[in-house]
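Read the structure below first, then the notes.
Please treat every number below as a calculation from the coordinates, not as lab data. All of these numbers come straight from a predicted model, not from anything done at the bench. Counting neighbours? That spans all protein chains shown, and the Cβs are built from the backbone with ideal geometry, glycine included.
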Amino acid sequence: MKMLEVRDLVKDFGGLRAVDNLTLALDEGEILGLIGPNGAGKSTAFNCIAGVYQPTTGEIYFKGEKINNERPWNLCKSGLARTFQIVKPFASKTVLYNVVVGSFATTEKKPEAERKALDILHYLHLEDKKDVLARNLTIADRKRLEIARALATEPKLLLLDEVMAGLRPTEVDEMVRIIKDLRDKGVTLFIIEHIMRAIMAVSDRVVVIHFGQKIAEGTPQTVAADERVIKAYLGEEYGVS
């Protein structure tokens, strides 16, 4: 089943075209990477998919249903969750509180919401920080908290926007492990990332966009050898002889 289909997506901001006729599809159980230079339109595409922006033209389908006019909170309740490139937890609240808020997307009962939140914190190795204020977390733990809040909504499709930015190499490796494990648990993932060794290791396929347009799509190996991608984004060190 196609978990996500984007057809000829266009998003204009006045005279600026941020996304230009983008078409892609994501199968259930797949990990799809989205890469490209800064300003290429990656986060704008995510915002359109997640209901933050309404597309100028084009169609978006989630689990076979057109979602162009759906609001983010309705999409979240239907199983589409996302993280944000700049994490903004409830800084003055505890880690547990932040995740419980996400759990209320699927339950109205506080004890059940807390139980779900604690299970997720245990899974992400944050249970020992459940009473810590979010503002006091390290960057790595804030990234984990961002994922925890999204997972608390019980997503079928999870959009991850640069969850590895700012992490140390060992922390990146741990995040790759978490992403692969989430897929094994039945979550389909669509990922924006600039850390190439991570996105190439974790993705089944990669889509590359430049100036809002898709310039390549395929396996990580195929994309890394594409001359257009090397020139636009990866650099000559990724060239394949």
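Across the stretch 2-238, Cα-Cα distances exceeding 29 Å account for 27% of all pairs. Helix 139-151 and the longest principal axis of the C-alpha atoms of the chain enclose an angle of approximately 80°.
Think of it as helices only: each DSSP H run of n ≥ 4 in the chain is worth -39500 (n - 2.57), and spread over all residues that comes to -9500 deg cm²/dmol at 222 nm.
The separation of the stretch 141-165 from the stretch 54-80, counted between C-alpha centres, amounts to 19 Å. Solvent-free Debye calculation, one equal scatterer per alpha-carbon of the stretch 145-226: log10 I(q)/I(0) at 0.13, 0.18, 0.24 Å⁻¹ equals -0.43, -0.81, -1.27.
Take 128-135, 22-29 and order them by the average number of nearby Cβ atoms within 10 Å per residue, most first; the result is 22-29, 128-135. With Cα atoms as the point set, the stretch 149-190 shows a radius of gyration and Dmax of 10.6, 29 Å. Take every Cα pair under 8 Å whose residues are at least 6 apart in sequence, average their separation, divide by the length of the chain, and the relative contact order is 25 percent.
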